[in-house]
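Single-structure report; data block below.
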Amino acid sequence: MTTLRMEEAAHAVLARNDRGGYTVPTDRLYPFQWNWDSAFVAMGFATFDVDRAFRELERLIEGQWDDGMIPHIVFHAPSDTYFPGPDVWGTKHHVPTSGITQPPVFGMALRHVYEAAVASGLADAETRAKVLFQAALRSHRWWLAARDPEDLGLVSILHPWESGSDNSPAWDEALARAPTTTSTAIRRKDTSHVNAAMRPRDEDYQRFIHLVDVYRDCGWNPKQQWARAPFKVADVQMTAILARATADLMHLAGILGSENDRAELAQMQGRLVNGLARRWRPHLSRFVSLDLISGADIEAPTQAGFIPLVALALDDAQRSAITAEIRRWLDGMTVGIPSAPAFSPAFEPKRYWRGPVWAVINWLIADGLRLNGAEELARHIEQSTVRTIENVGFCEYFDPTTGEGLGGDTFSWTAAAYLVLGRRE
Ligand code: GLC
């Protein structure tokens, strides 16, 4: 297919997944609006329809809680093809939502969409962006208050699903401490849409739901959850995305916010960047998350260790170490970057977040490499992502050893990644 035909096909995926101003990640498997998917999707829309890009973010904010949290799922309309639905979460927002969050790509997307809107002369860009800017600021305040109450300069996840890398080997040890007992009856729907061998195992699923039960019993109160959480990980991927989004909001504050907003964001960003910088491990050539329950570093190799590239300016030694490490992970792969490297005992090239490649992860890492002057590697990653999508379509993720497309097909964020990365060639 020519690039133009592929762009049209990407537009068609987004149109097909459009449910009225918001986009589902894919039909049936994920039938609602997902937080970080929508942020990437908004950037994809910004390549051809900035008004629709704004709508995507505006609709996500309909789910924002009074305390500032932007939930990981907004259940705008009912669907019976997904578990756990609104009844399991038992939250109290006027639009039903889940009770946990996801990586705050929102601030990055807002800058991207706003700049595209200005470039295309969209009439009400500033008014709309101002509302979204305040929503983003409130969510960043929530992150630091609710998820870094001990002032580590790192934000924590209380559920693996918050990380966006739901089934990552990074969580294995920490999750194994969570009991498998649940007060909720588990009715998995995912394994009826895609091959069970690619999805989380039943036992892990029980632990996932156990955590939901605990937090629902806390009435979703952040302080109580922090005190009772059986799973608490200060995550470098999450912190890096938050730090980068904070820098993007600082950039926008001059136009969309006040001097006080800018100063507050600068203070947040300093705190996060310092916290993140302390997570570099020279012997591993990457950054590591911290298990706050055991107090131990999480050394399992996953893509998360490279995401701080989006937020930090590395020194020369770090830059050459991290680029060499990324190249090592790419070695022998048809397409990288694997979510776990082939040399890891946890590597499973087809199972969710335990080896497969995600286009949006490549997008983040390529951005971070470019920010750190590693242009050539950034381009290589972008181009191989684009080629893979051209070969097998807009799949949820890809087997790094073969380039095969896996999981759900016609995926919104893969279409968005194609639109954005395809233009960088
Ligand atoms: C899976 C992914 C998560 C994503 C969601 C919808 O749960 O792990 O990152 O947001 O699917 O695409």
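Here the contact order of the chain, divided by its residue count and restricted to Cα pairs under 8 Å and six or more residues apart, works out to 17 percent.
Between amide H atoms placed 1.01 Å from N, distances below 5 Å from Gln33 occur with Val74, His76, all of them 5 or more places distant or on a separate chain.
A Förster distance of 22 Å, applied to the separation of the beta-carbon atoms of Arg177 and Gln224, puts the FRET efficiency at 0.70.
Here is what passes the span test in the chain: the DSSP H helices with alpha carbon length of 24 Å or more along the helix axis and a Kyte-Doolittle mean of -0.5 or above are 125-147, 236-256. Take the Cα of Arg16, go 7 Å toward its beta carbon, and none of the backbone nitrogen atoms of the stretch 330-352 fall under 18 Å from that spot.
The residue among Leu265, His283, Ala253 whose Cα reaches farthest toward the positive pole of the charge dipole of the stretch 216-321, with charges on the beta-carbon of Lys, Arg, Asp and Glu, is His283. Here the stretch 307-346 and the stretch 193-241 have alpha carbon centers that stand 26 Å from each other. Peptides 134-142, 114-122 ranked from most to least packed, by the mean per-residue count of other Cβ atoms within 10 Å: 134-142, 114-122.
Peptide packing for 83-91, 379-387 was compared via the average number of neighbouring C-beta atoms within 10 Å per residue; ordered from the highest value, the list is 379-387, 83-91.
In nm, to one decimal, how far is the Arg278 label point from the Thr402 one, both placed 7 Å along Cα→Cβ? Roughly 4.5 nm, to one decimal. Sorting 407-414, 27-34 by average packing, meaning the other beta carbons within 10 Å per residue, from highest down gives 407-414, 27-34. What shape does the stretch 279-326 have by the C-alpha gyration tensor, where a ≥ b ≥ c are the square roots of the eigenvalues, rounded means a/c under 1.5, and otherwise prolate means a/b greater than b/c and oblate the rest? Verdict is prolate for the stretch 279-326. Taking Cβ atoms as reference points and 9 Å as the exclusive limit, the residues near Gln102 contribute a net charge of -2, counting Lys and Arg as +1 and Asp and Glu as -1. Here the stretch 1-111 is treated with +1 on each Lys and Arg Cβ and -1 on each Asp and Glu Cβ, and its dipole about the Cα centre works out to around 120 debye.
Rounded to the nearest 500, the helix-only mean residue ellipticity at 222 nm of the chain stands at -15500 deg cm²/dmol, with each DSSP H run of n ≥ 4 adding -39,500 (n - 2.57). For Gln134 and Gln383, the difference between the fully extended length at 0.36 nm per residue and the C-alpha to C-alpha distance is 86.1 nm. Ordering Ala178, Thr334, Phe45 by Cα displacement along the dipole of the chain toward the positive end leaves Ala178 in first place; charges were set at the Cβ atoms of Lys, Arg (+1) and Asp, Glu (-1). What number comes out for the charge environment of Arg52, summing +1 per Lys or Arg and -1 per Asp or Glu over other residues with Cβ under 11 Å away? Residues near Arg52 contribute -3 overall.
If you take all other residues with their beta carbon under 14 Å from the beta carbon of Ala129, and give Lys and Arg +1 and Asp and Glu -1, the sum is -4.
Between Asp166 and Thr127, full extension at 0.36 nm per residue minus the direct alpha carbon distance yields a gain of 10.5 nm.
Full extension of the segment from Glu62 to Arg141, taken as 0.36 nm per residue of separation minus the current Cα-Cα distance, would add 26.7 nm.
Bear in mind that the values in this text are calculations on the coordinates, not laboratory data. All values reported here derive from a predicted model rather than from experimental measurement. FYI the Cβ positions are ideal-geometry reconstructions off the backbone, even for glycines, and counts take in every protein chain you see.
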